1. Take the residue pairs K84/K141; K41/K145; K78/K130 and return only those whose Cα atoms are more than 20 Å apart.
2. Under a plain spin-label model, where a point goes 7 Å from the Cα along Cα-to-Cβ, how far apart in nm are V67 and K84?
3. Expected output is a single nm value to one decimal: the length gained when fully extending between Q98 and E163, i.e. 0.36 nm times separation in residues minus the C-alpha distance. What is it?
4. By per-residue mean of other Cβ atoms within 10 Å, what is the highest-first order of 153-160, 119-126, 76-83?
5. Shape verdict for segment 45-170, please, from the Cα gyration tensor: rounded (a/c under 1.5), prolate (a/b greater than b/c) or oblate.
6. Work through the residues other than Q98 whose Cβ is under 14 Å from its Cβ and net out their charges, Lys, Arg +1 and Asp, Glu -1.
7. What list of ³J(HN,Hα) couplings, whole Hz, do you get for segment 63-70 from phi and the Karplus terms 6.51, -1.76, 1.60, once you set θ to phi - 60° and write x for glycine and proline?
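Rule-based calculations on the coordinates, nothing more; no lab input. Just so you know, these numbers come straight off a predicted model, no measurement behind them. Every residue, glycine among them, receives a Cβ derived from its backbone with ideal geometry; neighbour counts consider all protein chains shown.
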Amino acid sequence: MKYSIICMFFLIFVSCKDTQKQTNQEVEDQNQEVTETSEQKFFGEKFDISNPIEAKKALNTYNEMKVGDTLKLTFTSKVNSVCKKKGCWMRLELPEGQESLVKFKNYEFFVPKDIDNQTAVVHGKAFVQKTSVEDLKHYAKDAGKSEEEIAAITEPELIYSFEADGVYLQ
């Protein structure tokens, strides 16, 4: 009986110590995650940000392309909107009321959902594609558009698209 009580106290002591150790480790991991997230400016692959082209030149490049063309590009622009569910796409402002729809290579990374109006530098492939009504409605829903705005989408569109392998937030 005496040994049973001693064993029971020993087990309680060991399990409490392990729980405390786990809790401390979890807190450290969370603090590290918050620090990395708040200081991180690169998402995806790192790339040379020293000489991106401006949005006006990117628009000129898109205007010279046709459906099916692809061009490696690094450009900078203001973020107009971001997927509010996961940060899995964003729209960058181009001149003349145009936008570039940026998705991320193989969904390997996402961007923060609260970066509207920030400046981003994107690196990857620019291309022009015809986007279906179904996809356009999906993007509108992800962007938080109203049911009326979503219902008003009835025609496919040519979209200036971009597959980013890296994003830098300024």
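1. Flagged as over cut-off: K41/K145; K78/K130.
2. Result for the modelled spin labels: 3.1 nm.
3. In short, 21.7 nm is gained.
4. Put in order of decreasing packing, that is 119-126, 76-83, 153-160.
5. oblate
6. Net charge around Q98: -2.
7. 3J(HN,Hα) across segment 63-70, in whole Hz: 5, 7, 8, 10, 3, x, 6, 9.
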